[in-house]
């Protein structure tokens, strides 16, 4: 999430006076600081830990192919998440609801519990960790370690990446647009719904828009599993909150 330009310093002038300064886009802490500013600032990100959103798009479902979907979701960090996706398969309407509340995870299809899918349920426990990483401010805490991945390209855009490590949690890689400072890609290991196979998941943000307060949020994104497109989505509405009622995350 940060545009970090390395300042060109004259070695001839400074080498004999002070240690050479580390370029901003080589310093994970500087990358995070710039990213926080690009996404509304530390006060906004620290204060608003919850949101509700509506989206639509296309999803690839094993055995059914590419399907249109609509989605309503809500979250309250660090560990509450609700997602409802409605699909139409051969003129049959399906509603899949995922609910994460602390260590409790449930999956429902048309109001009935989905039996099994234990790997998917276990993977869903990582949702809060991934979202905390994307919120950036928590990365300043001691329990998180950040290291430089370096320069790369995402969908043709020049980016700089960092890797986030936390005890008892999977590594998460974050890539930031070097021109705008906005988060461009989140990458981590996950489990594919429907197959329960472990995959490398990439969430790539293609477009940002600003809300009425001038805060940017992801408008269009794609999700890839092992390099193949799994989902494309467009966010139609998104509202940030300091908190949501706990009932939002109960059956």
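The values are calculated or read from the model by the stated rules, or taken from the named source; none is laboratory data. Bear in mind that the values here come from a model prediction, so they are computed numbers and not experimental data. Positions of Cβ are backbone-derived with ideal geometry, glycine not excepted, and every protein chain shown enters the neighbour counts.
At-a-glance table
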{"read-out": "Candidates 222, 159, 209, filtered to the one that is modelled with pLDDT of 95 or more, assigned to a strand (DSSP E or B), over 20 Å from residue 78 (Cα atoms) and within 14 Å of the chain's Cα centre (by Cα)", "value": "222"}
{"read-out": "Residues located in segment 177-199, provided they are part of a strand (DSSP E or B) and within 14 Å of the chain's Cα centre (by Cα)", "value": "183, 184, 185, 186, 187, 188, 189, 190"}
{"read-out": "Filter result for residue 118 (at pLDDT 95 or above and more than 20 Å from residue 38 (Cα to Cα))", "value": "no"}
{"read-out": "Filtered residues of segment 55-67 (kept if in a strand (DSSP E or B) and modelled with pLDDT under 95)", "value": "59, 60, 61, 65, 66, 67"}
{"read-out": "Filter result for the condition that a residue is out of contact with any helix residue (DSSP H, G or I) (no Cβ under 6 Å at 6 or more places or on another chain), more than 28 Å from residue 113 (Cα to Cα) and surrounded by fewer than 13 Cβ atoms within 10 Å (Cβ to Cβ), over 167, 185, 178", "value": "167"}
{"read-out": "Residue 128 surrounded by 13 or more Cβ atoms within 10 Å (Cβ to Cβ) and either within 13 Å of the chain's Cα centre (by Cα) or part of a loop (DSSP other than H, G, I, E, B) (or both)", "value": "yes"}
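Conditions (1) touching a strand residue (DSSP E or B) at 6+ places or on another chain (Cβ under 6 Å); (2) within 28 Å of residue 215 (Cα to Cα); (3) surrounded by 18 or more Cβ atoms within 10 Å (Cβ to Cβ), marked per residue:
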| site | (1), (2), (3) |
| --- | --- |
| 39 | no, yes, yes |
| 54 | yes, yes, no |
| 65 | no, no, no |
| 71 | yes, yes, yes |
| 97 | yes, no, yes |
| 101 | yes, yes, no |
